[in-house]
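What follows draws every value from the coordinates through simple rules; no lab data is involved. The structure presented is a predicted model; accordingly, all values stated were derived computationally and were not measured. Here Cβ is always computed from backbone atoms with ideal geometry, including for glycine, and neighbour counts include all displayed protein chains.
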Amino acid sequence: MDFTFNEEQKMVIDGARRFAREKLAPFAAELDEKAEVNIKALKELGRLGYLGMTLPEEFDGSNAGVIAYAASMIEFSKADAGTSVAVSVQNSLVNDAILTFGTDEQKKKFLPKLASGEWIGCFTLTEANSGSDPGSLRTSATRDGDHFVISGTKNFTTNGGIADVMIVFAQTCKEKGAKGISAFLLTKDVPGFKVGKHENKMGIRSSSTTEMVYDNCRVPSSSLLGEENKGLKIALTTLDGGRIGIAAQAVGIAEAALEEAVRYSKERVQFGRPISELEGVQFMIADMATEVEVAKTMLYRVAWMKESHSGKYTKEAAMIKLYASEMAHRVCHKALQVHGGYGFMKEYKIERLYRDQRITEIYEGTSEIQKCVIARSVLGE
Ligand code: CAA
């Protein structure tokens, strides 16, 4: 077992850390306040190779690997979790799905533009009445000769308002229910498509989250991603990888919260000494640091499983998504507590981290869904 990064990984991670410090952190509070995307940074991340981290060079990817991707996600998330979710969706949900299920033509058409950041992608699965149960989605794709006509409304789509490319899941065979769902690759210029409501969120406010409205969008059957009626499997396979990205996001948020708590506890003087000298505070810091370390270690193990193609990692991805997101909840709670009343104020970064953390327990499968996945696997169902 080797727990060290190789030279290439170190370079990629150092670059991510520098970028986060210089290009994300200084703008994060303002963009959170205004609920605006740091599109300039996202485009630059593309040019630097961070939007095609697991894509081979053949498609202009930087081929940095899943471990370097997870570590870079930690760095971006420490500075701005809104930008980091956009990076995660592009790498894990969009690029990976096209690389795994796309035709040669689709790979050539979409991947180089996604890897370079020229195009931003999104993954539209969720609907108003279909969240944890994606098999019940209602958006329809009706065959019409060698075309499909797509109609329906998706919601809570990350990157929705900035996406050039969309992976859309729709019912191609209503009678088959969950086994009648297909995935489609669309570009934003398809007639009949428009971005709907922009959500006003509690956290990760520098990410775009929107409704996506498809009104009789006529697309050629070559827009199918993977086999017809295999869409749910495509979604769930892809989400296994996505959960590594979200777990990394949670670890990054938690690590930033820990750093804030450490810094503040050394500066804040009460009872004649820095509060870092009080045992009650020290115990909280010790708990936080231990939990972050545990999550990080498992995160890299799951990332290694995906990178080394050593078999299915569905259970492990669910475990680390569950553990890291709930760990980040506990860590942000304690870090805010260390700040006392100041932690409740917007001037302090912990206030934003506390809000940003919450979604990691919800998107790409709630904690309860992760427990279902883990339990099914452990019980051998
Ligand atoms: N990999 C590959 N195939 C899988 C799979 C996986 N991880 N999990 C299930 N499958 C297959 C099953 O074998 C089954 O195949 P067959 O039809 O051939 O039998 C099929 O997929 C359906 O599986 P289930 O019968 O197990 O499905 P289910 O309806 O019982 O649901 C679930 C399983 C775990 C609850 C799943 O629905 C789930 O993960 N739900 C959560 C959805 C989710 O994460 N949504 C997030 C939205 S996207 C988002 O948040 C992105 C963003 O913008 C940030």
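Just add up the charged neighbours of MET202: K/R +1, D/E -1, any other residue whose Cβ is under 12 Å from the Cβ of MET202.
Here the charged neighbours net out to +1.
With respect to the cross-link table entries LYS109/LYS315; LYS23/LYS43; LYS40/LYS154; LYS23/LYS334, which display a Cα-Cα separation exceeding 21 Å?
LYS109/LYS315; LYS40/LYS154; LYS23/LYS334
Is the chain best put as rounded, prolate or oblate by its Cα gyration tensor, with a ≥ b ≥ c the root eigenvalues, rounded for a/c under 1.5, and otherwise prolate when a/b is larger than b/c, oblate when not?
prolate
Taking the chain as a Gaussian network, where each spring joins two C-alpha atoms under 10 Å apart, which residue of GLU33, GLU105, GLU22 fluctuates the most?
Answer for the Gaussian network model of the chain: GLU105.
For every other residue with a beta carbon closer than 13 angstrom to the beta carbon of LYS113, add +1 if it is Lys or Arg and -1 if Asp or Glu, then tell me the sum.
+3
Order 138-146, 60-68 from most to least packed using the mean count of other Cβ atoms within 10 Å.
By packing density, highest mean first, the sequence is 60-68, 138-146.
Please report the net charge: other residues with Cβ closer than 12 Å to the Cβ of LEU278, K and R +1, D and E -1.
With Lys, Arg at +1 and Asp, Glu at -1, the net is +1.
Can you compute the charge dipole magnitude of the chain about its Cα centre, using +1 on each Lys and Arg Cβ and -1 on each Asp and Glu Cβ, nothing else charged? Give it in debye, rounded to the nearest 20.
Here the size comes out at about 480 debye.
Neighbour counts of other C-beta atoms within 10 Å: give me GLU36, GLU267 arranged from fewest to most.
Lowest to highest Cβ neighbour count: GLU267, GLU36.
Just from its helices, what would the mean residue ellipticity at 222 nm be for the chain, if runs of 4 or more DSSP H residues each count -39500 (n - 2.57) and the sum is divided by every residue, rounded to the nearest 500 deg cm²/dmol?
When only DSSP H runs of four or more count, the value is -16000 deg cm²/dmol.
With unit charges on the beta carbon (Lys/Arg positive, Asp/Glu negative), name the residue among ALA41, SER130, ILE275 whose Cα is farthest towards the positive pole of the charge dipole of the chain.
Farthest towards the positive end: SER130.
I need the shape label for the range 115-190. Rule: rounded when a/c is under 1.5, else prolate if a/b > b/c, else oblate, with a, b, c from the alpha carbon gyration tensor.
Cα axes put the range 115-190 in the oblate bin.
Computed over the Cα atoms, what is the radius of gyration of the range 216-326 divided by 2.2 N^0.38 Å, N being its residue count?
1.60
With axes computed from alpha carbons, what is the tilt in degrees of helix 279-307 against the longest principal axis of the chain, rounded to the nearest 10 within 0 to 90?
Approximately 30 degrees, to the nearest 10.
May I ask for the distance between the Cα centers of the range 115-181 and the range 308-381, given as a whole number of Å?
Rounded to whole Å, the Cα centres lie 26 Å apart.
Most fluctuating residue of ARG243, ARG352, ARG18 in a GNM of the chain with Cα springs under 10 Å: which is it?
Of ARG243, ARG352, ARG18, the Gaussian network model singles out ARG18 as fluctuating most.
Pairs LYS179/LYS306; LYS201/LYS266; LYS266/LYS346: which are spaced more than 22 Å apart, C-alpha to C-alpha?
Checking Cα-Cα distances, LYS179/LYS306; LYS201/LYS266 exceed 22 Å.
So for the chain, averaging the separation of alpha carbon pairs under 8 Å that are six or more residues apart and normalising by length, what relative contact order in percent results?
Normalised by residue count, the contact order of the chain is 16 percent.
Can you give me the relative contact order of the range 53-179 as a percent, contacts being Cα pairs under 8 Å and 6 or more apart?
Reported as a whole number, the value is 23 percent.
Just how large is the dipole of the range 233-380 about the Cα centre, in debye to the nearest 20, putting +1 at every Lys and Arg Cβ and -1 at every Asp and Glu Cβ?
Roughly 380 debye, rounded to the nearest 20.
From the Cα gyration tensor of the range 51-168, with a ≥ b ≥ c the square roots of its eigenvalues, which class applies: rounded if a/c is under 1.5, or else prolate if a/b is larger than b/c, or else oblate?
oblate
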